[in-house]
1. Output wanted: per-residue J couplings in Hz (rounded whole) for the range 137-154, from phi through Karplus 6.51 cos²θ - 1.76 cosθ + 1.60, θ = phi - 60°, x for Gly and Pro.
2. Would you please give the FRET efficiency between Lys130 and Asp61, computed as 1/(1 + (r/R0)^6) with r the Cβ-Cβ distance and R0 = 22 Å, to the nearest 0.05?
3. What percent does the relative contact order of the range 63-159 come to when contacts are Cα pairs within less than 8 Å and at least six residues apart?
4. Output ³J(HN,Hα) for the range 67-73: one whole-Hz value per residue in order, computed from phi by the Karplus curve 6.51 cos²θ - 1.76 cosθ + 1.60 with θ = phi - 60°, and x for Gly and Pro.
5. Apply the Karplus parameterisation 6.51 cos²θ - 1.76 cosθ + 1.60, with θ equal to phi minus 60°, to every residue of the range 108-120 and state each ³J(HN,Hα) to the nearest whole Hz, in sequence, with x for glycine and proline.
6. Can you figure out the FRET efficiency of Asp113 with Asp140, using R₀ = 22 Å and their beta-carbon distance, to the nearest 0.05?
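No lab work stands behind these numbers, since they all come straight from the coordinates. The structure presented is a predicted model; accordingly, all values stated were derived computationally and were not measured. Note that we place each Cβ from the backbone using ideal geometry, even for glycine, and neighbour counts take in every protein chain shown.
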Amino acid sequence: MSKAIVLTPNKIILLVATSILAGLSICRWRSATKHEERCFSGVGAFVLLVNMKFSSLSYRDTFLDLIKPLCNYVIANESPVGSRRSTMTTLSYQVAISDKNPLVVLLLERYSDKDNGYLNVHKSGGEFLKFREQLKGMQDRGEVQIEGESYLETTLGFV
């Protein structure tokens, strides 16, 4: 004959609590694993970092004058903060000047995706094409050296 297991109320509470904690641990582990998969799968924004080094402050200032109309256009027509007719495909478009070398400028560009947000909307726009031609002229004359890199965001961190 087998013995019956008798559980006191305290043992029942302890057993239920242990089961809940074990379940939560498994759920968190599964969630973390899925989060890690998502973080490194490149599902975030398409990012361009363009570094420019100008040969003089006057050339840098010329660049700033040339890019201003493009920045205004992007804000009005491509950004989430633009008008109602905005495509909302350009998430960030920011010019930064180095705090160590005033001849060095960074252009940070973030798009909803590469194919539509960057290639179809931004890169084919009239204001961008006009600006790009002017910047290419500066580059050809040796007024600026340009290096750039593209990235796919992860979900690690925030912008």
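1. x, 4, 5, 4, 7, x, 7, 8, 10, 10, 10, x, 8, 10, 9, 10, 5, 9
2. That pair, Lys130 with Asp61, gives E of 0.75.
3. 19 percent
4. 7, 4, x, 5, 4, 4, 5
5. Each residue of the range 108-120 in turn: 9, 10, 10, 10, 4, 6, 6, 5, 8, x, 8, 6, 6 Hz.
6. It comes to 0.10.
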